[in-house]
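Worksheet: the structure to be examined is printed underneath.
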Amino acid sequence: MLQDFRLAARMLRKQPGFTLVAVLTLALGIGATAAVFSLIQGVLLTPPPYRQPQQIALIQPVRADGQPVGQSRAWPAQQWLQWKEEATSLASVAAYSWTFNYLIQNDGSESMEGLWVTRDYFSLTGLHPMMGRVFTESDATPKAPPVILIGYEFWKRKFDGDPNIVGKTLRMSRRDTPLTIVGVMPPNVRFLPSPANAQEPNYNVNAAVDFWLPFAPDPQHLKQPDWDVVARLRDGVSWKQAQSELSVLVASQAKSERDFEGIRARMEPLSEELNSDGRRILLPLLGAAALVLLIACGNVAALLLVRGLQRQQEYAIRTALGVSRSVLFRQISTESLLLALLGAFGGIALAFAAVRVFKLIAIHAVPRLDSVTTGWPVLAWGPCIAAAAALLAGVIPALRASGLDPIEVLKRAGPKSSSGPAERRLLRGVTTVQTALTLALLVGAGLLIRTMSNVSKVQTGYRVDHILTMSVTAVQGKWADFHERALDRVTALPGVTNAAFAWGVPLTGNNWPAHIVLEGQPAAVRETDRLSFPLRSVTPGYFALLGLPLLDGRDFRSSDKRGAPSVAVVNQALADRYFPHAAVGKKLWLGDTKGSPTVIIGVAADARNGDLTKPAQPEIYLSMWQASPFSKHLIVRTSSDPVALSGVIQRTLRSVDPTVAVENVKTLAAIRDDSLASRAFAMQLLIGFALVGGVLTLVGIYGVLSLSVASRRRELAIRAAVGAGRTQIRNLVFAEGFRLIAVGVLAGLGASLVLTRVLKSLLFEVSPADPVTLVSVGLIFAAVALLACWAPTRRAATVDPVEALRYE
């Protein structure tokens, strides 16, 4: 092998142009694939820091009738406590619930995300503190001193990694007594999903957990659906067995307790749930990168085939001198392997750069992007891809070279020997495959471009220009006093047109999912039949600030405060569905009819608050002075660049209360862009991959036609000698190129119909088989590819019959 590598190196050095082109081509394919694999390794393949995570299940509530759960629902303690006692297939069951709070600081408080957990949570997950201890059973009793576990990242960020942190206290909002720190957890512990809390402004399931608090079920509220549930399967128990047993238990509970009717339990493997968003975007991109690698390998295979044609006499002489076919195959394969290894080094360098670029443009598109590294994943994956590339690019040229008949080759040897029809057919086949794969990439990119164009035309129902938003939380003092003074001072600032507070800013995913009873609607018989709508809470002037018109009734007033009659504004979708004649004056109840009703005072136009790609759904707006959220957004409309005013607005808020928490400062336009981040990221990468594949394919088409012209010099010279004009010869060569491109384009359109289906979840108002995209992309690529035929066609018309036939 060492001798083969030396020979391969000498041969590659003799043709530096060929070597450089082949190495760069492979580097592009290997680099693209290795870069996307690095994202997949960091996001999808890195296991969570739990003991045997493949045995951990999240138990999700689903409706028995198969319909989506209207309101994100958690589990009552009464149910999961029974599972803990009776489910033999489960080794342990624990409950948790996402929460957030604020670390009180005199120069601006800071938000914290954490979990309430039962005592079994840590033994189930296998988490052990790196300092201190976990919770004991007594920590969750009502009279126990308040304790807290903090996360590694929070410990480093706020306490500078103090080694003596255990035993110290911290001040947290909404807590009268400081909490004693009993331990520090290891790094990189992230949240388990908590769907019932996903609409909260601070919810980020991909963040590192800042703190854990102990809890035990309250015997007085065992039927209250408050908790998410995680379980560990016993050793040797299959997922099917565990699911079957749990289904029986839940069905039995539904028979004995009416509140549990209509809800079933579905066990989801932890990794499946955590990786669902990442898989949706990264796996299609890995497929696109793999297509680029195949195109690159096809290009190099074509180069090696052409090089093999040029070296046929050399191979024939070596065979005649006694070199066996297997040795010749090995030597030629070694050349392709050496090319692939050189390409791997270039690809690794490109991958390191590409991963940095991907992380810059995919900040809001890919979850857990901070765990992506450019170290060993790229270094390990590069040689593996190189080996595959060497096999794909080198095996056919090596087989053809080792299978030559030396006598026949030496017979037809001459200064102007040319390739035969079989070699040209093989090269045309390789180029056809390249064209088909490139068309698939181009169609995918075209579909996403059309998607982004369609989204840009969506009528949101509100304005996003010149609007600044920031989450604002008063962690102490009088809630109403702070917010009234804050609005007065911010509105008075130069450059500020108007301002309002809102819980449920568009496109942030924030809202209160709640059960509602509407006047005139039949009472729900079962829990799953209850109406559920998202609630938003806003101050007067919110609708005017966003340019969201009121179609009927009035806006909220400053007098709509606590103690005054409860009022609400509904959107047009709710009014049309439930109050088609007149909604103003109708009543609704939050939760049930035991409390005082809320009167509808206005109807607002529909707005796409949740997702730009989904039509407006029924929604209810409440007066913030009556429905007072702890954390909310300040929305400010400005007469100039809103970002330029962000600093002065924050200082104004802290002048009202120095401890106020001001975070997540963004323009509404930036929030809109973030909501489309996954589609934009996929589009950018597919466009890049498609352009690379397109260039490689065009080079391949050019190379095949050039070789065809070179191999047919004698034929073309004879045609010219017997009277064929230049136009006829050009048409002959151009027709060959046209057939090659046409077959490739048709095959590519067929492949696109299959391959682009993986993008279906990212598309909007365009189907994977969109005829406009298929036809336009096919025509554009065909037109550009025909331009690549121009130089070989022109060269064919200039063949000199005398020079070409000199040796005949």
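The values are calculated or read from the model by the stated rules, or taken from the named source; none is laboratory data. Computed from a predicted model, the values in this text were never measured in an experiment. Ideal geometry is used to build each Cβ from the backbone, glycine not excepted, and the neighbour counts take in all protein chains shown. The protein model used for the area step is the full one, side chains on, heavy atoms only, and it has no ligands, DNA or RNA in it. Shrake-Rupley method; radii C 1.70, N 1.55, O 1.52, S 1.80 Å.
Working with all protein chains in place, sort T118, T593 by solvent-accessible area computed with a 1.4 Å probe, largest first.
Result, largest first: T593, T118.
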Practice item. Could you work out the local net charge near P146, counting Lys and Arg as +1, Asp and Glu as -1, over the other residues with Cβ closer than 13 Å to its Cβ? Key: +2
Practice item. Find the centroid of the Cα atoms in region 100-179 and in region 225-250, then give the distance between the two in whole Å. Key: 29
Point to revise | Computed magnitude of the charge dipole of the chain (debye, nearest 20; Cβ of K, R +1, Cβ of D, E -1) | key: 2980
Point to revise | Karplus 3J(HN,Hα) series, Hz, for region 174-189 with 6.51 cos²θ - 1.76 cosθ + 1.60 (x for Gly, Pro) | key: 6, 10, 6, 10, x, 9, 8, 7, 9, x, 10, 7, x, x, 6, 8
**Study point:** GluC sites (Glu not before Pro) within region 463-528: DSSP coil, no more than 11 neighbouring Cβ in 10 Å
**Key:** none
Practice item. Order these peptides, 488-495, 431-438, by their mean beta-carbon neighbour count within 10 angstrom, highest first. Key: 431-438, 488-495
Review point. Taking the Cα centre of each part, how many Å lie between region 564-638 and region 342-363?
Key: 48
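On the protein heavy atoms, probe 1.4 angstrom, tell me the percent of accessible surface of the chain carried by carbon and sulfur.
Numbers: 20540 of 35500 Å².
Roughly 58 percent, rounded to a whole number.
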Exercise for review: Please calculate how many Å² of accessible area the chain carries per residue, with a 1.4 Å probe and no DNA, RNA or ligand atoms counted.
Suggested key: 44
Practice item. Considering Cα pairs under 8 angstrom that are at least six residues apart, work out the relative contact order of region 455-538 and quote it in whole percent. Key: 22
**Study point:** Phi-based couplings in Hz for region 609-620 (Karplus 6.51, -1.76, 1.60; Gly and Pro marked x)
**Key:** 7, x, 7, 5, 8, 10, x, 4, 10, x, 9, 10
Review point. Rounded if a/c is under 1.5, else prolate if a/b is larger than b/c, else oblate: which is region 224-274, with a ≥ b ≥ c the root eigenvalues of its Cα gyration tensor?
Key: oblate
Review point. Once whole DSSP H runs in the chain are found, which of them have Cα atoms spread over 27 Å or more along the helix axis and a mean Kyte-Doolittle score of at least 1.0?
Key: 16-40, 276-310, 325-361, 376-402, 677-711, 726-755
**Study point:** Set of aspartates and glutamates near K14 by C-alpha distance (under 13 Å), chain-local residues within fewer than 8 positions excluded
**Key:** E335
Practice item. Enumerate the lysines that K223 could reach by cross-link, defined here as Cα to Cα under 24 Å, with residues fewer than 8 away along the same chain left out. Key: K84, K143, K255, K594
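With every protein chain kept in the model, how would you rank K143, K587 by accessible area, 1.4 Å probe, largest at the top? Walk me through the numbers on the way to the answer.
On the way: K143 195, K587 85 Å².
In descending accessible area the options line up as K143, K587.
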Check your understanding: Where q = 0.25, 0.29 Å⁻¹, what log10 of I(q)/I(0) comes from the Debye formula for region 445-498, counting one point per Cα?
Key -> -1.06, -1.14
Practice item. Given a cut-off of 23 Å, name the pairs among K478/K666; K457/K760; K478/K586 whose C-alpha atoms lie farther apart than that in the structure shown. Key: K478/K666; K478/K586
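Contact order normalised by length for the chain, with contacts defined as Cα pairs under 8 Å and 6 or more residues apart; what percent is it?
Relative contact order, the chain: 18 percent.
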Review point. Rounded to two decimals, what ratio of Rg to Rh does the chain give with C-alpha atoms and a Kirkwood Rh?
Key: 1.08
Study note, to complete from the structure: Amide H proximity to H633 below 5 Å, modelled H, separation 5+ or other chain, gives V472, A502, W503, G504
Practice item. Pull up the cross-link candidates among the lysines for K158, meaning alpha carbon to alpha carbon under 18 Å and not fewer than 8 places away within one chain. Key: K168
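Based on Cα coordinates alone, diagonalise the gyration tensor for region 616-770, multiply each eigenvalue by 5, take square roots, and list the semi-axes in whole Å, largest first. Working shown, then result.
Numbers: eigenvalues 840, 79, 28 Å².
Output for region 616-770: semi-axes of 65, 20, 12 Å.
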Practice item. Enter the accessible area of M683 (Å², nearest 10), with the probe set to 1.4 Å and all protein chains included. Key: 40
Check your understanding: For region 211-252, what does the alpha-carbon gyration tensor say about shape, rounded, prolate or oblate, given a ≥ b ≥ c as the root eigenvalues, a/c under 1.5 as rounded, and a/b over b/c as prolate?
Key -> oblate
Review point. For N498, which sequence-distant residues (separation of 5 or more, or a different chain) have an amide H within less than 5 Å of its own amide H, given hydrogens modelled in the peptide plane?
Key: R637
Review point. Amide H to amide H, which residues 5 or more places from I516 or on other chains are under 5 Å from it, using H placed in the peptide plane?
Key: L531, S532, F533, G591
